[in-house]
Amino acid sequence: MIGQNSESRQEQNAEEGFQNPVSSSLKENISSVKKIFEACDDIVYHYTEFNNRPGCLIYLSEMVHNQTMVDIETGLSSFADTGDSKQSVSAFIRKRFSYSNLKEMNTIQSAADQILTGNTALFVERN
């Protein structure tokens, strides 16, 4: 998909199912992201835990500073779940990270698009 314009890449990805909603399965999400970026060797998959659940931070190695990743890991490790709601996780992330461009993505393609713009995607296994 390298070299394709954004519109034709999005059309191809939609045909392959990447417009599907983000899954509750970390493994399915990672597999879908890897299909999108199969020809890219500068995508980093950093496996971690968030609230005792497996997670993965995905980013372009050339566009994210190492200190930023340390800050994200440190911030995520300080999460103490007060309930099992998606809203409490989102509220924690918004409170802990003051980044103005913090967004919650609903499809694999929208997450991939954010990674391509230099943002970091966080996928967490949900029950």
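The values are calculated or read from the model by the stated rules, or taken from the named source; none is laboratory data. The structure displayed is predicted, hence computed values, not measured ones. Here the Cβ positions follow ideal geometry from the backbone for every residue, glycine too, while neighbour counts run over all protein chains shown.
Okay, here's what the table says:
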read-out: Residue match in the range 36-44 (condition: modelled with pLDDT of 80 or more and in a helix (DSSP H, G or I)); value: yes
read-out: Long-range neighbours under 7 Å by Cβ, at least six apart or interchain, first residue within 19 Å of Gly118 (Cβ to Cβ) within the range 24-51, second among the charged types (D, E, K, R); value: Asp42/Glu62
read-out: Residue match in the range 12-31 (condition: charged (D, E, K, R), at pLDDT below 90, assigned to a helix (DSSP H, G or I) and surrounded by fewer than 14 Cβ atoms within 10 Å (Cβ to Cβ)); value: yes
read-out: Identity of the residue in the range 82-112, in a loop (DSSP other than H, G, I, E, B) and at pLDDT 70 or above, that ends up surrounded by the most Cβ atoms within 10 Å (Cβ to Cβ); value: Met105
read-out: Candidate set: the range 36-60, residues that are under 14 Å from the mean Cα position of the chain (by Cα) and more than 25 Å from Ala91 (Cβ to Cβ); chosen: the one surrounded by the most Cβ atoms within 10 Å (Cβ to Cβ); value: Ile36
